[in-house]
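The structure under discussion appears below in the form of structure tokens.
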Amino acid sequence: MFKKILVANRGEIALRIIRTCQEMDLETVAVYDDADRLSPHVRSADQAVYLESAEPGLSYLDQDIIISAALKNGVDAIHPGYGFLAENADFARACTSAGITFIGPPAQAIEDLGNKTKARTIMENAGVPVIPGMLSGSLEPADIASEAAKMGFPVLIKAVAGGGGKGMRLAADESQIKEMCSSAMGEAQKAFGDGTIYLEKLIDRPRHVEFQILADHHGNIIHAGERECSIQRRYQKIVEETPSPALGSRLRQRMGQAAVTAAKASGYANAGTVEFLLDQDGNFYFLEMNTRLQVEHPITEMTMGIDLIRQQIMIAAGEPLGLQQEDVKPRGHAMECRIYAEDPSHDFLPCPGPLLIHQEPKGPGVRNDCGVCQGGTIPLAYDPLISKLITWGENREAARKRMLRALKEYAVLGPETTISFLLDVLEHAAFIAGNTSTDFIPRHFPSWSPPKDIPPAAIVAYVAEEIQAQLAETTSAGGHKTEISPWHLLGSWKM
Amino acid sequence: MMKKYQLGIHGENIDVRLDLGPDNAGGTLFLNGREYQVQFTGLGNHSWFIECDGKCAQAYALKKEDGTHVFVDGRVYVIKDLGKPKAARPGAGGPGKGPDIVTPPTPAMVERILVEAGQTVDQGQPLIVVSAMKMEMTLAAPYAGVVASVNTREGAQVAPGDILVEITADESQASQQGGKK
């Protein structure tokens, strides 16, 4: 087993990994840049190393600095989290050359599956159903346009190096194809350093259903059930749940088997996720395989009773998987809501800035994976995720009700957030019925504005804040400087 | 002491009166033709314990540029004081230009500039692409006209209020547009 692990990430996922390491008596090294000097993950680790970077937003992508920090501090393994270097085959190889274990799949599997057209070819050869479309990419918008004409519109333009919806565009007809291609290529080039794109036929109103895979280095592969992630904005998930309300036991078994086949065919080891689109008729298609821990992994942990980070570390250390397929049975239902610093009334515009009030929800069955704290800042350079709020319940309705309760407890002031919008999503009749598809938000919430009915308590709080400010002004104008003490703030009280 | 407030909440105007008690911590609130007996106790850092006709709640209230943001029960309400004179916004341009300026909606970096000074642009024509947190946003011409100046460069960090492209309106086209609708 390892002694010291460097966590090459930031925010909630860095903190998540550090916590499991602490529980396993493993020493931790955090890394940070200027934007994250005061972040919780920095102070939670045993050691923290400052990454000096020329440009904001690039520090966590700097392989050389991270590996030299690991070597200098006697680290024997690196956990990349998700994003940044997590799906970078060169980084996985560089770790191995430096004598450090990369906690993730073999570099070859990352490379093969990271190339979306190559992954499609592997899956097709293994008999896993793939979405109709191109099996090789192009840098020529004209090639893509002629290919689209052959396939028939609408088509989805995707980045060969893609993931997370970056570099993905929908072309509804011929007039949009060139503009969408160059826009997709630009975004792909920036996000992945490779602008190559390809086409997939658009599946009408699919569900996004993905399977968690665990594979060790001794040939054991199991799946740990599915996650339904159909509620998305900008092709990015915002609500996830498990089990999926769409799967019966037979379909679950078939999809789970296909996911295990996909992992086997790609020579996979460690934790990974096979993503499928499930159409209205119950047909499923391989979408992509994510060669890392997913953002939404906690819902699987809640229903399966597994610590996926612990599993990742054990597998990377060469331990055989301690679980058989029949050991992995879900209990109850879990949901995750992503709390972003975004303005849902303005097309989910990111709202970086200081987090002035941040009171997390608590109580039974509630977990909040959060990497920022009150007084901290949501930096401009990174994803505006404040936290992932997860609830568990005996069944779907119990988990949903618990989520509503937790969302109502979650007080955030400073940036706009998705909390109020998520309350409306979870109360929507289609969500309650489990009728979700990837067009859920554009279909049911083409626009959104906060509720107009204001509770009297909100008016009272407004008035209270005004009166307090006025009192403070008059006192200081009168020359008496008031120290803020709890006794001043208490107002009237009785005993 | 009677306090009067003229409030704007998410587009609605509400008149509020509070007969404030001598302890400055409660009284009678008049709202939408109803009376409420209210108490408020500061818990520090913009946190309030609110009692309203016997029902208690936890609230937070924080003054920001666009009004006071109030949190109650999972919802945030932005409450503007309409009774106070509005502070003029610097750099907002001349009359008629109000919201029709080319400015990023959030702090962002300039990715691509698609026009140059002297160029004629149509209403809705993309002018500039900015990115925030790796998401691209295209800023389009709010009206037809001629680009008077481009006030930024690619790679620049920009913020809401910065006018990135100035456009001299094409009056004939503007009136044509108006006539069609």
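From A:Ala35, A:Ala45, A:Ala86, which residue is among the small types (Gly, Ala, Ser), closer than 20 Å to A:Gln312 by Cβ, touching a strand residue (DSSP E or B) at 6+ places or on another chain (Cβ under 8 Å) and in contact (Cβ under 8 Å) with a residue 24 or more places away in the chain?
On the way: A:Ala35 fails: closer than 20 Å to A:Gln312 by Cβ; A:Ala86 fails: touching a strand residue (DSSP E or B) at 6+ places or on another chain (Cβ under 8 Å).
On inspection, the qualifying residue turns out to be A:Ala45.
Conditions (1) under 30 Å from A:Pro379 (Cα atoms); (2) assigned by TED's automatic domain parsing to the domain that holds A:Lys362, marked per residue:
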residue: A:Ala411; (1), (2): yes, yes
residue: A:Gly414; (1), (2): yes, yes
residue: A:Thr418; (1), (2): yes, yes
residue: A:Asp424; (1), (2): yes, yes
residue: A:Glu427; (1), (2): no, yes
residue: A:Ile432; (1), (2): no, yes
residue: A:Asn435; (1), (2): no, yes
residue: A:Glu473; (1), (2): no, no
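Do you know which of the residues in the range A:315-354 that are touching a helix residue (DSSP H, G or I) at 6+ places or on another chain (Cβ under 7 Å) and part of a strand (DSSP E or B) is farthest from B:His10 (Cα to Cα)?
A:His333
Residues that are touching a strand residue (DSSP E or B) at 6+ places or on another chain (Cβ under 9 Å), within 8 Å of chain B (Cβ to nearest Cβ) and under 20 Å from A:Lys237 (Cβ atoms): which helices (runs of 4 or more DSSP H) entirely in the range A:396-469 hold 1 or more of them?
Details: elements: A:396-409, A:419-426, A:429-432, A:440-444.
Once the helices (runs of 4 or more DSSP H) in the range A:396-469 are filtered for at least 1 residues that are touching a strand residue (DSSP E or B) at 6+ places or on another chain (Cβ under 9 Å), within 8 Å of chain B (Cβ to nearest Cβ) and under 20 Å from A:Lys237 (Cβ atoms), what remains is A:396-409, A:419-426.
On the given criteria, is A:Ile419 within 29 Å of B:Pro104 (Cα to Cα), surrounded by 19 or more Cβ atoms within 10 Å (Cβ to Cβ) and at pLDDT 95 or above?
Details: within 29 Å of B:Pro104 (Cα to Cα): yes; surrounded by 19 or more Cβ atoms within 10 Å (Cβ to Cβ): yes; at pLDDT 95 or above: yes.
So A:Ile419 passes the test.
Do you know which residues across the range A:191-240 are within 14 Å of the chain's Cα centre (by Cα) and surrounded by fewer than 19 Cβ atoms within 10 Å (Cβ to Cβ)?
A:Arg234, A:Tyr235, A:Gln236 - these are the residues of the range A:191-240 that are within 14 Å of the chain's Cα centre (by Cα) and surrounded by fewer than 19 Cβ atoms within 10 Å (Cβ to Cβ).
Quick grid of which residues meet (1) of a type in the set (Gly, Ala, Ser); (2) touching a residue at least 24 places away in the same chain (Cβ under 8 Å):
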site	(1), (2)
A:Lys190	no, no
A:Asp194	no, yes
A:Glu200	no, yes
A:Pro206	no, yes
A:Glu210	no, yes
A:His218	no, yes
A:Ala224	yes, yes
A:Arg227	no, yes
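Under 6 Å by Cβ, and 6 or more places apart or on different chains, what pairs join a residue from the range A:242-263 that is over 12 Å from A:Gln212 (Cα atoms) with one that is outside any helix (DSSP H, G or I) and of a type in the set (Gly, Ala, Ser)?
A:Pro245/A:Gly434
Being of a type in the set (D, E, K, R) and away from chain B (no Cβ under 14 Å) is the filter; apply it to the range A:186-215 and report the residue that is nearest to A:Asp439 (Cα to Cα).
Our first condition is that a residue be of a type in the set (D, E, K, R); within the range A:186-215, this holds for A:187, A:190, A:194, A:200-201, A:204-205, A:207, A:210.
If we keep only those that are away from chain B (no Cβ under 14 Å) as well, we get A:194, A:200-201, A:204-205, A:207, A:210.
Working: A:Asp194: 28, A:Glu200: 17, A:Lys201: 16, A:Asp204: 9, A:Arg205: 6, A:Arg207: 9, A:Glu210: 17 Å.
The selected residue is A:Arg205.
Output yes when any residue across the range A:438-449 is at pLDDT below 95, closer than 30 Å to B:Gly27 by Cβ, surrounded by fewer than 22 Cβ atoms within 10 Å (Cβ to Cβ) and of a type outside the set (Phe, Trp, Tyr), and no when none is.
Taking every residue of the range A:438-449 in turn, none turns out to be at pLDDT below 95, closer than 30 Å to B:Gly27 by Cβ, surrounded by fewer than 22 Cβ atoms within 10 Å (Cβ to Cβ) and of a type outside the set (Phe, Trp, Tyr).
Out of A:Val260, A:Val274, report the one residue that is surrounded by fewer than 22 Cβ atoms within 10 Å (Cβ to Cβ) and among the aliphatic types (A, V, I, L, M). First the steps, then the outcome.
On the way: A:Val274 fails: surrounded by fewer than 22 Cβ atoms within 10 Å (Cβ to Cβ).
Only one candidate qualifies: A:Val260.
Going by the conditions given, is A:Ser97 under 20 Å from A:Ala8 (Cα atoms) and among the polar types (S, T, N, Q)? Let's see the steps before the verdict.
Numbers: under 20 Å from A:Ala8 (Cα atoms): yes; among the polar types (S, T, N, Q): yes.
Answer is yes for this residue.
Mind checking whether some residue in the range A:89-103 is within 27 Å of A:Ile299 (Cβ to Cβ) and touching a Gly at 6+ places or on another chain (Cβ under 8 Å)?
As a first pass, look at the range A:89-103 and keep what is within 27 Å of A:Ile299 (Cβ to Cβ): A:92, A:102-103.
With touching a Gly at 6+ places or on another chain (Cβ under 8 Å) added as a condition, the list becomes A:92.
There is at least one residue in the range A:89-103 that is within 27 Å of A:Ile299 (Cβ to Cβ) and touching a Gly at 6+ places or on another chain (Cβ under 8 Å).
All but one of (1) modelled with pLDDT of 95 or more; (2) more than 17 Å from A:Arg207 (Cβ to Cβ); (3) not charged (D, E, K, R) hold for A:Met495; which doesn't?
(1)
For the range A:52-82, name all the residues that are outside any helix (DSSP H, G or I), small (Gly, Ala, Ser) and either crowded, with 20+ Cβ neighbours inside 10 Å or modelled with pLDDT of 95 or more (or both). If you could, list the steps in order and put the result at the bottom.
The first filter runs over the range A:52-82 and keeps only residues outside any helix (DSSP H, G or I), leaving A:52-58, A:62, A:73-82.
Then keep just the ones that are small (Gly, Ala, Ser); that gives A:53-54, A:57, A:74, A:77, A:81.
Those that are outside any helix (DSSP H, G or I), small (Gly, Ala, Ser) and either crowded, with 20+ Cβ neighbours inside 10 Å or modelled with pLDDT of 95 or more (or both): A:Gly74, A:Ala77, A:Gly81.
Working only within the range A:114-132, note down all residues that are touching a helix residue (DSSP H, G or I) at 6+ places or on another chain (Cβ under 7 Å) and at pLDDT below 95.
The one that is touching a helix residue (DSSP H, G or I) at 6+ places or on another chain (Cβ under 7 Å) and at pLDDT below 95: A:Gly114.
Can you list the strands (runs of 3 or more DSSP E) found entirely within the range A:134-239 that contain at least 2 residues being of a type in the set (Asp, Glu)?
Numbers: elements: A:155-159, A:169-171, A:197-201, A:207-215, A:221-233.
Once the strands (runs of 3 or more DSSP E) in the range A:134-239 are filtered for at least 2 residues that are of a type in the set (Asp, Glu), what remains is A:221-233.
Looking for whichever is touching an Asp or Glu at 6+ places or on another chain (Cβ under 6 Å) and not aromatic (Phe, Trp, Tyr) here; the options are A:Glu319, A:Glu226, A:Glu275. Which one fits? Walk me through how you get there before you give the answer.
On the way: A:Glu319 fails: touching an Asp or Glu at 6+ places or on another chain (Cβ under 6 Å); A:Glu226 fails: touching an Asp or Glu at 6+ places or on another chain (Cβ under 6 Å).
Criteria check complete, one pass: A:Glu275.
Please tell me if A:Leu380 is in contact with a Gly (Cβ under 9 Å, 6 or more places away or on another chain), within 11 Å of chain B (Cβ to nearest Cβ) and in a helix (DSSP H, G or I). Working first, answer last.
Values: in contact with a Gly (Cβ under 9 Å, 6 or more places away or on another chain): yes; within 11 Å of chain B (Cβ to nearest Cβ): yes; in a helix (DSSP H, G or I): no.
It is false that A:Leu380 is in contact with a Gly (Cβ under 9 Å, 6 or more places away or on another chain), within 11 Å of chain B (Cβ to nearest Cβ) and in a helix (DSSP H, G or I).
Here is a list of conditions, (1) of a type in the set (D, E, K, R); (2) within 14 Å of chain B (Cβ to nearest Cβ); (3) surrounded by fewer than 20 Cβ atoms within 10 Å (Cβ to Cβ), and A:Arg310 meets all of them except one; can you say which number that is?
(2)
Of the conditions (1) surrounded by fewer than 21 Cβ atoms within 10 Å (Cβ to Cβ); (2) under 20 Å from the mean Cα position of the chain (by Cα), A:Ala14 satisfies every one except a single condition; which number is it?
Condition not satisfied by A:Ala14: (1).
If you check B:Val78 against the conditions, is it in contact (Cβ under 8 Å) with a residue 60 or more places away in the chain and facing chain A (nearest Cβ under 9 Å)?
Details: in contact (Cβ under 8 Å) with a residue 60 or more places away in the chain: yes; facing chain A (nearest Cβ under 9 Å): yes.
Criteria met by B:Val78.
Quick one: what pairs do we get from the range A:347-375, first residue within 13 Å of chain B (Cβ to nearest Cβ), second in a loop (DSSP other than H, G, I, E, B) and β-branched (Val, Ile, Thr), C-beta under 6 Å, 6+ apart or different chains?
Hits for this filter: A:Leu349/B:Thr106; A:Pro350/B:Thr106; A:Leu355/A:Val372.
Find the residue count for the range B:1-60, including only residues that are aromatic (Phe, Trp, Tyr), in contact (Cβ under 8 Å) with a residue 12 or more places away in the chain and more than 8 Å from chain A (Cβ to nearest Cβ).
First pass over the range B:1-60, keeping only residues aromatic (Phe, Trp, Tyr): B:5, B:30, B:36, B:40, B:48-49, B:60.
Subsequent filtering for residues that are in contact (Cβ under 8 Å) with a residue 12 or more places away in the chain retains B:5, B:30, B:36, B:40, B:48, B:60.
Checking which are more than 8 Å from chain A (Cβ to nearest Cβ) leaves us with B:30.
Residues that pass the stated criteria total 1.
The values are calculated or read from the model by the stated rules, or taken from the named source; none is laboratory data. Note that the structure is a prediction, hence the values are computed from the model and not measured. When we count neighbours, we look across all protein chains shown, and the Cβ atoms used for this are built from the backbone with ideal geometry, even at glycine.
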